[in-house]
Amino acid sequence: MAEHRQVINADTAPAPVGPYSHAVRSNGLLFCSGQVALDPGTGDLVGETPGEQAQQCLVNLQAVCEAAGAWLTDAVRVTVWLTDMASFVEVNEVYAQFFDAAEPPARVAIAVAGLPKGAVVEIDAVIAYRD
């Protein structure tokens, strides 16, 4: 592996469902792969509603950050992927619980046709890493 990048895999996050790492740390940033609402123990999709799935996505992202010695609250950019933009408000309510209202990260929300494992929400993040 190149010296300028370090692969991070978290034992407390769901195993990746493809050929990718949970995150890569490089040049002061932690680039977290998207997380869907998978139970870390079983790998099964959890959450009946978009809000419940968003909650698990963010818990999984926290686990990835912690494995890297970082904090989700230090996110500089978050992307929220939704299969139905009508769930935007519900997901937003859960999302707001994870970030400081006075200094939230930059964010993009994108509607997509489908997500892995039949999920309705996926969330990824770029985190400012504290050395």
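Taken together, the values in this text are just the output of simple stated rules run on the coordinates, not laboratory data. Note that this is a predicted model, so its numbers are computed, not measured. Cβ placement follows ideal geometry from the backbone for every residue including glycine, while neighbour counts extend to all protein chains displayed.
Full-extension gain between Val76 and Ser26, please, as 0.36 nm times their residue separation minus the C-alpha to C-alpha distance.
Details: separation 50, 0.36 × 50 = 18.00 nm, distance 1.43 nm.
Extra length from Val76 to Ser26 when fully extended: 16.6 nm.
Could you work out how much longer the chain between Met85 and Ala113 gets when fully extended? Use 0.36 nm per residue separation minus the Cα distance between them, nm to one decimal. Could you put the intermediate results ahead of the total?
Values: separation 28, 0.36 × 28 = 10.08 nm, distance 1.07 nm.
Extra length available between Met85 and Ala113 comes to 9.0 nm.
What spacing in nm lies between the two simple spin-label points modelled at Ala15 and Glu3, each 7 Å away from Cα in the Cβ direction?
Roughly 3.4 nm, to one decimal.
Is the chain best put as rounded, prolate or oblate by its Cα gyration tensor, with a ≥ b ≥ c the root eigenvalues, rounded for a/c under 1.5, and otherwise prolate when a/b is larger than b/c, oblate when not? Before the final figure, lay out the partial values.
Values: a/c = 1.82, a/b = 1.29, b/c = 1.41.
Oblate, since a/c reaches 1.5 and b/c is not below a/b.
Between Glu66 and Asp100, how many nm apart are label points set 7 Å from Cα along the C-beta direction?
Simple spin-label model gives 2.1 nm for this pair.
Checking the a/c ratio against 1.5 first, then a/b against b/c, what shape does the Cα gyration tensor give for the stretch 69-122?
prolate
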